[in-house]
Every structure is written in structure tokens, then in C-alpha cells.
1. For the pairs Lys69/Lys158; Lys66/Lys163; Lys2/Lys136; Lys51/Lys93; Lys81/Lys163; Lys93/Lys136, note any where the Cα-Cα span goes beyond 27 Å.
2. Quote to one decimal, in nm, the extra length available between Glu86 and Val61 on full extension: 0.36 nm per residue of separation minus the C-alpha distance between them.
3. Is any residue of the range 62-81 close enough, with backbone N under 15 Å, to a label point placed 7 angstrom from the Cα of Lys136 along the Cα-Cβ axis, and if so, which?
4. Please give me the summed charge of the neighbours of Val7: other residues whose Cβ is under 14 Å from its Cβ, Lys and Arg +1, Asp and Glu -1.
5. Go through Ile154, Ile54, Ile118, Ile89 and list them by solvent-accessible area, largest first, probe radius 1.4 Å.
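The values are calculated or read from the model by the stated rules, or taken from the named source; none is laboratory data. This is a predicted model, so every value here is computed, not measured. Cβ placement follows ideal geometry from the backbone for every residue including glycine, while neighbour counts extend to all protein chains displayed. For the accessible areas, the whole protein counts, side chains as well, though only heavy atoms, and no ligand, DNA or RNA atoms are used. Shrake-Rupley method; radii C 1.70, N 1.55, O 1.52, S 1.80 Å.
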Amino acid sequence: MKYSVMVEYALHSLVYLIDVPPEESIGIKDLSEFQGLSETYLSKVLGKLSKAGIVSSVSGVKGGYKLSKKPEDISFWDVVKAVEGESPIFQCKNIKANFANQTGNCDSCASGTSNCTINIVMLEAEEQMRNYLRGKTIAWLEEELNRTLPSERIAMAKEFFHKNNN
């Protein structure tokens with residue numbers, strides 16, 4: 001299992017948007033410059049977050065992005081789902097239909113009503129992971145970063161966006 005790097009950039013971007021006052025936003029240029037990404041690539045990331053209702057875009061000269069929800073209402077799973085989609089990680093290929101000349105299809109594989117033990121275990125494991133990610137929010141991430149990162153580094157990031165936004 002592997003999530004794309006888009007998930008990481010999405011989470012980082014959301015952290016930078018936490019302290020943006022409601023009447024302001026952070027421009028894509030500043031977000032991409034700070035993370036060392038192309039504006040085009042980060043626009044794709046933020047477009048997915050916008051479509052999912054996690055961020056909203058503000059048009060105009062001082063336009064950019066801001067959170068659409070409170071940080072405590074945005075879970076890691078919300079971000080993963082917005083960026084990667086909801087398809088199961090495990091893709092059942094219905095191998096057992098070929099076992100001992102059994103026939104039939106596996107319409108129930110993705111629905112969780114499968115009678116295939118392997119599929120059931122894999123879907124349950126994925127659900128446990130999703131539940132864990134649902135329990136971690138952007139607010140939690142900010143608290144962890146404030147606890148673990150040097151305060152100078154946090155201040156530097158906040159100053160970068162504050163300076164460039166004025």
C-alpha cells in the first residue's frame with residue numbers, strides 16, 4: 001500500500017492554512033514556493049481539497065486558499081479520501097472462482113459482503129486504518145508540530161506567510 005506524495009503536500013498545506021484569519025487567504029504562489037513545488041502541481045492538490053469541501057478558493061489579486069472547516073473537523077482520512085479517492089486498497093481478483101472449478105463472479109468483493117476470507121480480512125484491516133486516520137485531525141497535527149518542532153521553525157513559517165500576505 002502506498003499513498004501518493006500528494007497526500008503529504010495536502011496535509012502540509014492545510015497546516016499552513018490553519019492560522020489564516022477568516023477574511024484572508026494564502027496564495028498558491030506562496031504555498032508552492034514555501035514547499036518547493038510547482039504552482040501547477042499544488043493547484044491539483046488544492047483543487048482536490050476544494051472539491052471535497054476542505055478548503056475554499058478566494059479569487060482576486062489577494063486571492064488564494066483558506067480552510068472551509070475548522071481544523072478539528074478535518075481528519076487525515078478526509079484528506080486521503082479527497083486526494084486518493086475511496087477505492088479499497090486491496091483489489092480482490094476472485095481467484096477462488098477458479099479454485100476447484102467453482103464458477104461465479106465476485107460482485108460482493110468491494111461491498112464488504114464477500115464470503116472470501118482473504119477479502120474479508122483485507123477489508124477489515126483497511127477499515128481499521130481508516131478509523132485510525134479518522135481519529136487524527138489537522139488540529140491534532142498542529143498540536144504535535146508545536147510540541148515537536150523548534151519554536152523558531154514554526155515562527156519562521158508563520159512569518160513567511162504573514163509577510164507575503166500583507
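1. In this structure, Lys51/Lys93; Lys81/Lys163; Lys93/Lys136 exceed 27 Å between Cα atoms.
2. Extra length available between Glu86 and Val61 comes to 5.5 nm.
3. Of the residues in the range 62-81, 74-81 have backbone N under 15 Å from the label point off Lys136.
4. Spelling it out: positives minus negatives among the neighbours equals +2.
5. The ranking, largest first, comes out as Ile118, Ile89, Ile154, Ile54.
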